[in-house]
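Structure record follows, encoded as structure tokens.
The values are calculated or read from the model by the stated rules, or taken from the named source; none is laboratory data. These figures come from a predicted structure and were not determined experimentally. Cβ coordinates were reconstructed from backbone atoms using ideal geometry, including for glycine residues, and neighbour counts include every protein chain displayed. Note: areas computed on protein heavy atoms with side chains; ligands, DNA, RNA excluded. Shrake-Rupley method; radii C 1.70, N 1.55, O 1.52, S 1.80 Å.
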Protein chains: 2
Amino acid sequence: VVLGIGDDAAVTRLAAGHDLVTAADALVAGVHFPRNMPARAVGHRCLAVNLSDLAAMAAEPLWATLILALPRARGDWLGEFSRGLFALADAFGTALVGGDTVRGPLTVSVTIHGRVRAGRFVTRSGARPGDAVYVTGHPGDAVAGRLLLRERRASRGGAPLRRRFLYPLPRVREGLALAGVASSMIDVSDGLHADAGKLLAASDCGAELDVAALPLSTSLIGYAGLAGARECALTGGDDYELLFTVPAGREARLRRLTGRWSCPVTRLGMISARPGLRWVLEEHPFSFRDRTFRHFG
Amino acid sequence: VVLGIGDDAAVTRLAAGHDLVTAADALVAGVHFPRNMPARAVGHRCLAVNLSDLAAMAAEPLWATLILALPRARGDWLGEFSRGLFALADAFGTALVGGDTVRGPLTVSVTIHGRVRAGRFVTRSGARPGDAVYVTGHPGDAVAGRLLLRERRASRGGAPLRRRFLYPLPRVREGLALAGVASSMIDVSDGLHADAGKLLAASDCGAELDVAALPLSTSLIGYAGLAGARECALTGGDDYELLFTVPAGREARLRRLTGRWSCPVTRLGMISARPGLRWVLEEHPFSFRDRTFRHFG
């Protein structure tokens, strides 16, 4: 960062031999998060979703700009919002270099910039038949946490689920480590099924994935039962996990990498030339409801 | 642009020896522009205000990301919005590399990236006593255009004023040319008086500026009279002109540059060591009302 907040624009310098990676994601209250979400969680979330986009490109985060629309200036809200934002920014070495605060309905727009060694970024479109499909973490926990918060239910064992919804941890280090290993990658924000579909469409191939392999947390099964947990994992969304593919020849390298990670990594199945995404349970096609959890009204 | 819209993030590459310049500005309907503003003008404006920020740093625009919050998908509105946005983007060689469209109250957030040769950016803080103060274009026209639109008055000669409000042309080429010439620079978005005050505060000095020198357009004087035109120029805002300072030794270079420009450049006065901004008319202090035009309800 050569020149930070305070002038007409920020000035930054990128080391030679790197590409700049830019992502932009906005969160609107009542659309992308509940209106009553704690300010600290909103601050965390607006950066987390953008860090997750960079992670899915195998990029290292550097700087972010923030545009915050607020109905009215509220010092206490802003203080908590900043606390959530800067805690995560500090954790991942991301500098806030500029932005704008405007009056308007609560909307948080972040543009984030990262770097990757020239040409080493990982796209959605590189999956090839025979590649294995992996996912990080425990998809489904976040949506269960969201439902718990809405129900205001003080369930036993619900705290980890609520935390996974309010404070998702983007897989930045994991994404970076996957440069040169993953053939394709996407972050899971709309649900495993929907986002796997996008990766397959971009890569122009299909996949067979095993429902029994889904890494369901015990908290999730405790909350939703096995069938409900599977639905949450497949269609819930807000996970901010990484879904990626690895060519057969690199799976041993992946295992060496992931041995050091703090989050689980699970092999779900294989990429095939036959188009379409097929979920399979004990060799039978698996069908599930899409409960379209995507509403925060 | 190495990888454009469609993946988790965009990838771009910057030529060696350059700094990256980033600006972020959001426009909220009813706050930063009238709710009934034509969609094409909204598309133009969201990029123009950001291009103006880059211009004020003497940076060359490269890429932008857009986050658009819309109450509901409306193809006709989006078509006109895109038309306004891309016409300006094309005019200044700016690529739209990514973004997000979300449901929400009409808000347009643009983050723009440009480049400048390493260290050659121009800040607000470089003005020194003895520097001359200049402004481009005809400040005040834009606010008069806005008032005309609100009054729905079909005044004679009002078309240029309305156009200056709806389709401001950021001074990108002029800003670029001022690298190495201007000692400080800011874009005029909140009004000449307010923005000159910001530049002086950042530079820790003062100025005496001549009200008689204000480059008032004949359209503006026709609309508001001489006294009203001066108020519009000093406090109106939405001009997106450049206000800059030039050391005495570089004024001849400036004159050679501006001889080729299509917009007027006017010398308003001098920077002084004595703090404060003093407007002077025929050697007397000039006082004016700040009518605070900043309301779009």
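The figures follow:
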| read-out | value |
| --- | --- |
| B:G114 being in a strand (DSSP E or B), small (G, A, S) and facing chain A (nearest Cβ under 10 Å) | yes |
| Residue count for segment B:40-79, restricted to those that are closer than 26 Å to B:R173 by Cα and not aliphatic (A, V, I, L, M) | 12 |
| Hits in segment A:61-105 - residues which are within 11 Å of chain B (Cβ to nearest Cβ), open to solvent by 40 Å² or more (accessible area, probe 1.4 Å) and not in a strand (DSSP E or B) | A:P71, A:P105 |
| Subset of segment B:122-140 [touching a Ser or Thr at 6+ places or on another chain (Cβ under 6 Å) and of a type in the set (S, T, Y)] | B:S125 |
| Residue in segment A:186-194 that is in contact with an Asp or Glu (Cβ under 9 Å, 6 or more places away or on another chain) and on the phi > 0 side of the Ramachandran plot present | yes |
| Some residue of segment A:207-219 being within 14 Å of chain B (Cβ to nearest Cβ) and either free of Cβ contacts under 8 Å to residues at least 40 places away in the same chain or closer than 20 Å to A:A273 by Cβ (or both) | no |
| Tally of residues being open to solvent by less than 10 Å² (accessible area, probe 1.4 Å) and out of contact with any Lys or Arg (no Cβ under 8 Å at 6 or more places or on another chain) across segment A:147-167 | 2 |
| Segment A:106-136: number of residues that are surrounded by 24 or more Cβ atoms within 10 Å (Cβ to Cβ) and small (G, A, S) | 3 |
| Flag if A:G140 is at pLDDT 90 or above and in contact with a Cys (Cβ under 9 Å, 6 or more places away or on another chain) | yes |
| Residue in segment B:274-295 that is without any contact (Cβ under 8 Å) to a residue 12 or more places away in the chain, within 25 Å of B:P168 (Cα to Cα) and not in a helix (DSSP H, G or I) present | yes |
| Pick from segment B:162-184, criterion within 11 Å of the chain's Cα centre (by Cα) and among the aliphatic types (A, V, I, L, M), ranking: nearest to the other protein chains (Cβ to nearest Cβ) | B:V172 |
| B:R45 being over 17 Å from the mean Cα position of the chain (by Cα) and either under 26 Å from A:N50 (Cβ atoms) or of a type outside the set (V, I, T) (or both) | no |
| Residues of segment B:170-179 classified as open to solvent by 20 Å² or more (accessible area, probe 1.4 Å) and either of a type in the set (A, V, I, L, M, F, W, C) or assigned to a strand (DSSP E or B) (or both), total | 2 |
| Where A:S189 falls short, out of the listed (1) in contact with a His (Cβ under 8 Å, 6 or more places away or on another chain); (2) at pLDDT below 95 | (1) |
| Residue check, A:G157 in a loop (DSSP other than H, G, I, E, B), more than 14 Å from chain B (Cβ to nearest Cβ) and of a type outside the set (K, R) | yes |
| Residue within segment A:180-193 that is open to solvent by 30 Å² or more (accessible area, probe 1.4 Å), in contact with a Phe, Trp or Tyr (Cβ under 9 Å, 6 or more places away or on another chain), of a type outside the set (D, E, K, R) and assigned to a helix (DSSP H, G or I) present | yes |
| Those residues of segment B:198-212 which are open to solvent by less than 30 Å² (accessible area, probe 1.4 Å) and not in a strand (DSSP E or B), in sequence order | B:L199, B:L200, B:S203, B:C205, B:V211 |
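For every residue, the table says whether it meets (1) within 11 Å of chain B (Cβ to nearest Cβ); (2) in contact with a His (Cβ under 9 Å, 6 or more places away or on another chain); (3) surrounded by fewer than 19 Cβ atoms within 10 Å (Cβ to Cβ).
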| site | (1), (2), (3) |
| --- | --- |
| A:D7 | yes, no, no |
| A:V11 | yes, no, no |
| A:L20 | yes, yes, no |
| A:A23 | yes, yes, no |
| A:V28 | yes, no, no |
| A:A41 | no, no, no |
| A:N50 | yes, no, no |
| A:A55 | yes, no, no |
